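Enquirer: Supplied in structure tokens, the structure appears directly below.
Nothing in this text is a laboratory measurement; each read-out follows from the coordinates by a stated rule. A quick note: this is a predicted structure, and the numbers were derived from the prediction, not measured. Note that we place each Cβ from the backbone using ideal geometry, even for glycine, and neighbour counts take in every protein chain shown.
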């Protein structure tokens with residue numbers, strides 16, 4: 001049986017340029033699967049594990065900066081999309097999620113693969129449309145076209161994230177030999193949205209307030225690599241002497257005067273030191289901030305004003321100080337502000353910038369001296385690995401300690417490396433799959449830095465007939481959740497190992513062999529030789545670095561003590 005509104009949905013996706021599909025096999029979704037497969041315009045990747053498939057799709061959409069499509073059958077298949085859909089919602093990644101379903105009257109009637117799928121993703125989908133099971137009335141086709149246009153137009157707009165269409169299918173699902181698949185051009189609704197810019201009056205008032213503040217602090221949250229934004233902030237920072245602080249997830253680590261070691265020196269809670277760095281004006285852009293020390297500092301800063309710059313949509317008040325929202329592109333805003341600042345000498349701004357630069361330089365000196373003492377701890381291994389990642393590479397980083405290590409050592413990264421991390425929900429699930437999705441959509445080398453639990457949690461990412469050869473995975477294996485040994489609360493509990501670290505004795509060697517992935521480890525010969533061989537591998541490869549959890553915690557504590565137990 002051929003359902004024309006389904007063919008029309010597929011045709012609309014093609015007309016609007018959304019042509020990459022991640023499909024998981026099933027019977028109830030056969031009308032969707034066949035409609036995409038027989039169209040001819042779509043790149044289709046079939047992945048059995050829906051949870052992994054959704055994260056692969058997320059990584060692909062991040063990489064191509066364009067929406068992708070997810071298709072699955074009914075029941076728990078749809079529910080398995082939930083973690084990635086939540087991540088896409090908070091990370092603003094555009095996904096068109098199409099789930100097949102049983103007709104409503106068969107829910108809770110002891111029928112197979114039948115669960116409550118309407119609004120299954122709740123608030124984590126920007127839109128969730130329920131399509132009809134019956135198409136006899138022409139209004140049903142009109143409704144399908146209208147809602148499909150609405151969903152896709154949202155994905156192509158400035159406020160991105162997942163949208164969901166739940167489609168119930170009655171049997172028979174499969175076409176007969178005489179059925180034909182026709183894809184006529186369908187109605188396409190276009191959205192014409194003017195570019196958001198500041199008026200002359202708004203720009204004048206903003207510049208005057210900016211110039212009237214001696215202490216201006218720009219904080220950039222998680223942002224995908226953006227050359228225009230990078231150039232605008234470079235000019236403001238370098239020529240205007242405006243302080244710019246950025247976590248590694250902001251993708252600004254290549255700029256020399258950007259403050260990168262704040263997560264270290266803001267550990268120093270000396271009141272006079274903290275007071276000297278407090279700003280009069282905070283300007284933020286991007287999404288979440290990774291550094292907990294930076295977040296605590298900003299929540300206690302009490303600036304006169306806090307501006308957030310983005311194109312529109314929901315604006316969080318993460319630091320409890322928000323006063324103004326500028327709905328325009330951050331690169332446009334900082335360029336316009338910078339053009340005015342160039343002609344105004346602000347000695348107070350220079351003095352304020354010098355305080356931050358002194359703190360940065362002191363932190364650099366302390367770390368250089370501390371790392372001269374050889375250690376086999378995780379952070380030392382990460383320090384050794386980072387400079388060897390090619391400058392044109394993409395680095396995906398798992399949550400928990402790996403992303404924190406890289407943030408603390410971001411000054412060691414090659415300047416042009418691109419950073420991605422699933423910081424929307426900050427879960428350990430799906431990080432390997434996300435990197436796989438990215439690697440499938442670029443010819444650049446893609447590296448994944450992960451902990452052992454994150455890797456084991458998502459090892460089905462390697463269950464992929466299209467596993468790309470440009471993917472390299474680095475695993476920090478400390479036999480458990482070592483982060484809990486580094487957090488004061490769980491570290492002091494007698495149940496630390498049992499309830500929090502969940503100690504294990506697994507490794508990735510047999511997993512790599514099972515999926516025909518090259519494997520190297522820190523226990524096989526010298527670490528340097530293993531690293532070299534891993535980097536030179538011409539196929540998907542894993543480098544597993546084994547570390548001691550007690551050594552990791554003790555060394556990390558000694559580094560933190562350099563900034564918490566004495567002055568600047």
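Enquirer: If one takes the longest principal axis of the Cα atoms in the chain, at what angle in degrees, from 0 to 90 and to the nearest 10, does the Cα axis of helix 330-341 lie?
Expert: 30 degrees
Enquirer: Here's something else I'd like to know. Pairwise over distinct Cα atoms, reciprocal of the mean inverse distance: report the Kirkwood radius of segment 394-512 in Å, one decimal place.
Expert: Here the Kirkwood hydrodynamic radius works out to 15.1 Å.
Enquirer: Related question: Would you work out if segment 4-168 is rounded, prolate or oblate? Take a ≥ b ≥ c from the square roots of the eigenvalues of the alpha-carbon gyration tensor; rounded if a/c is under 1.5, else prolate when a/b is larger than b/c, oblate otherwise. List each step's numbers first, then the result.
Expert: Values: a/c = 1.38, a/b = 1.17, b/c = 1.18.
It is rounded, given that a/c, with a ≥ b ≥ c, falls under 1.5.
Enquirer: Kindly give the semi-axes, whole Å and largest first, of the ellipsoid equivalent to segment 32-114, taking each as the square root of 5 times a Cα gyration tensor eigenvalue.
Expert: Semi-axes from the Cα gyration tensor: 24, 17, 10 Å.
Enquirer: Separate question: Once you put a point 7 Å from the Cα of residue 271 and another 7 Å from the Cα of residue 174, both along the Cβ direction, what distance in nm separates them?
Expert: That separation, rounded to one decimal, is 7.7 nm.
Enquirer: Which whole-number percent gives the relative contact order of segment 214-338, counting Cα pairs below 8 Å spaced six or more residues apart?
Expert: Reported as a whole number, the value is 29 percent.
Enquirer: Name all residues of segment 527-568 having a backbone nitrogen under 14 Å from the label point set 7 Å from the Cα of residue 300 along its Cα→Cβ direction, giving them as ranges.
Expert: Under cut-off, by backbone N: 564-565.
Enquirer: If you don't mind, there's one more thing I want to ask. May I ask you to derive the FRET efficiency for residue 108 and residue 514 from their Cβ-Cβ distance with R0 = 41 Å, giving the value to the nearest 0.05?
Expert: 0.55
Enquirer: May I pose another question? Can you give the FRET efficiency for residue 146 and residue 554, using 1/(1 + (r/R0)^6), R0 = 60 Å, r = Cβ-Cβ distance, to the nearest 0.05?
Expert: Values: r = 62 Å, r/R0 = 1.03.
Calculated transfer efficiency: 0.45.
Enquirer: Now for a separate question. Using alpha-carbon positions, what is the distance between the centroids of segment 332-381 and segment 273-310, in Å?
Expert: Each part's Cα centre sits 15 Å from the other's.
Enquirer: Another question about this same structure. Taking Rh as the Kirkwood radius computed over C-alpha pairs, what is the Stokes-Einstein D of segment 117-209 at 10 °C in a medium of viscosity 1.306 mPa s, expressed in µm² per second?
Expert: It comes out at roughly 93 µm²/s.
Enquirer: Let me ask something additional. Would you order 429, 139, 111 from fewest to most other beta-carbon atoms within 10 Å of each residue's own beta-carbon? Mind showing how you got there, number by number?
Expert: On the way: 429 21, 139 10, 111 13.
Ascending number of Cβ neighbours within 10 Å: 139, 111, 429.
Enquirer: If you don't mind, there's one more thing I want to ask. Counting C-alpha atoms alone, how compact is segment 200-368: give Rg to one decimal and Dmax as a whole number, in angstrom.
Expert: 14.8, 48
Enquirer: Between residue 239 and residue 76, take the C-beta separation as r, use R0 = 45 Å, and let me know the FRET efficiency to the nearest 0.05.
Expert: Efficiency computed from Cβ-Cβ geometry: 0.20.
Enquirer: Could you give the angle, 0 to 90 degrees to the nearest 10, between helix 138-156's Cα long axis and the longest principal axis of the Cα atoms of the chain?
Expert: The helix 138-156 is inclined about 20 degrees to the chain.
Enquirer: Computed from these coordinates, which is Rg/Rh (Cα atoms, Kirkwood Rh): [x] 1.11; [y] 1.07; [z] 1.00?
Expert: Given [x] 1.11; [y] 1.07; [z] 1.00, the structure-derived one carries the label [z].
Enquirer: What full-extension length gain, to one decimal in nm, is calculated for residue 388 and residue 361 as 0.36 nm per residue of separation minus the Cα-Cα distance?
Expert: Length gained, residue 388 through residue 361: 7.4 nm.
Enquirer: For the residues 55, 36, what sequence is obtained by ranking on other C-beta atoms within 10 Å, fewest first? If you can, show how the numbers build up before the last one.
Expert: Working: 55 32, 36 25.
By the 10 Å Cβ count, ascending: 36, 55.
Enquirer: Here is a follow-up. So what is the calculated 222 nm ellipticity per residue for the chain, using -39500 (n - 2.57) for each DSSP H run with n of 4 or more, over all residues, to the nearest 500 deg cm²/dmol? Present the calculation step by step, with values, prior to reporting the outcome.
Expert: On the way: 22 runs with 218 residues, N = 568.
My calculation for the chain gives -11000 deg cm²/dmol from helical runs alone.
Enquirer: Taking the chain as the reference, fit the longest principal axis to its C-alpha atoms, fit the long axis of helix 347-370 to the helix C-alpha atoms, and give the angle between the two in degrees, 0 to 90, nearest 10.
Expert: Value to nearest ten degrees: 90.
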